[in-house]
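Here is the structure we will look at, set down as structure tokens.
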Amino acid sequence: MWQIFEKKSIIKSIRKIPKEALKHYEIWKRIIELEGPSGLRMIKGFYDEALKGNLENFRSSRLTKQWRVIYKIEKQMLEVFVIDINPHDYRRR
């Protein structure tokens, strides 16, 4: 079984997320807890993928057409660290 750790800022940002994206995030968390990241790859709707550039060691899963969850896998400990849930905008700032 996998553990999910969320940054404190996620708790605040969850209030701003549309209900549909929030439902998908809850489903995403259950899949991760039970199956790990490999479980996400079995469901096409999440489009789980590795990121490039500044977020090279992180992965992204689609919650809705616009909203993404950004996370990192710690394989040795079966841990997933969620760093952000945001509208899809990966432009450099």
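The values are calculated or read from the model by the stated rules, or taken from the named source; none is laboratory data. Just so it is clear, the structure is predicted and the values come from calculations on it, not from any experiment. Neighbour counts run over all protein chains shown; Cβ positions are idealised from the backbone, glycine included.
Structure notes:
- Inter-residue pairs, beta-carbon under 8 Å, first within 14 Å of N86 (Cα to Cα) and in the range 1-30, second of a type in the set (S, T, Y) and surrounded by 12 or more Cβ atoms within 10 Å (Cβ to Cβ), 6+ apart: I14/Y25; I17/Y25; P18/T64; E20/T64; A21/T64; H24/T64
- Check on K52, at pLDDT 85 or above, charged (D, E, K, R) and surrounded by fewer than 12 Cβ atoms within 10 Å (Cβ to Cβ): yes
- Selection status of I4, touching a Lys or Arg at 6+ places or on another chain (Cβ under 6 Å) and surrounded by fewer than 17 Cβ atoms within 10 Å (Cβ to Cβ): yes
- Residues that are at pLDDT 85 or above, in a strand (DSSP E or B), over 16 Å from S38 (Cα atoms) and over 9 Å from the mean Cα position of the chain (by Cα), drawn from the range 58-86: W67
- Flag if I32 is β-branched (V, I, T), at pLDDT 90 or above and surrounded by 12 or more Cβ atoms within 10 Å (Cβ to Cβ): yes
- Taken over the range 22-57, residues that are in a helix (DSSP H, G or I) and either β-branched (V, I, T) or over 11 Å from the mean Cα position of the chain (by Cα) (or both) amount to 17.
- Complete set of residues in the range 31-59 that are touching a residue at least 12 places away in the same chain (Cβ under 8 Å) and among the hydrophobic types (A, V, I, L, M, F, W, C): I31, I32, L34, L40, I43, F46, L51, L55, F58
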